[in-house]
Amino acid sequence: MTCETIELTLVDFQLAAVDEETRARIEAHLLECPQCLKSYLALKRNLETAESEPAPSPASRARLRAAVAEYLHPAPKPWGWWERPLAFGFATAALVVALLITQSIASGPGAAPRTLAGAQHRTFSP
């Protein structure tokens, strides 16, 4: 590519509006030509730091900030009408299962007796 062709495509190159083959040729030319590289860097600096262009309105900035904040930290989704009872049902089922497992373990072989109150009132006669 010639320097004149490069100069015409630098804006498209900066804005990623060129195809892969053209991009590769421009990158190769910029590595070899210091003058085109200077032009590209000046164009890039002007595009990124331009203050002569009209600034966005405060309302536009506020909308953009709100959109970015919503994207980064979305609001939690409210429970659906069916999700809350379902969650309580699962929690209750898990609690019942845990109680049954605990009772099974506590009353299994080698477990301590449940109460000695009934044994105290009994009289043993030989």
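None of the figures in this text is laboratory data; all of them are computed from the coordinates on show. Bear in mind the structure is a predicted one, so any value in this text is a computation, not a measurement. Note that we place each Cβ from the backbone using ideal geometry, even for glycine, and neighbour counts take in every protein chain shown.
General remarks:
- Cα pair count fraction exceeding 16 Å, expressed as % - the chain: 81
- Qualifying chymotrypsin sites (Phe, Trp or Tyr not before Pro) for the range 1-83 [loop in DSSP, other Cβ within 10 Å: at most 15]: Trp79, Trp81, Trp82
- Converting the Cα gyration tensor eigenvalues of the range 1-51 into ellipsoid dimensions via √(5λ) gives semi-axes, longest first, of 18, 13, 8 Å.
- Span-rule helices in the chain, defined as complete DSSP H runs reaching 27 Å or more along the axis (Cα) with Kyte mean at least 1.0: 83-106
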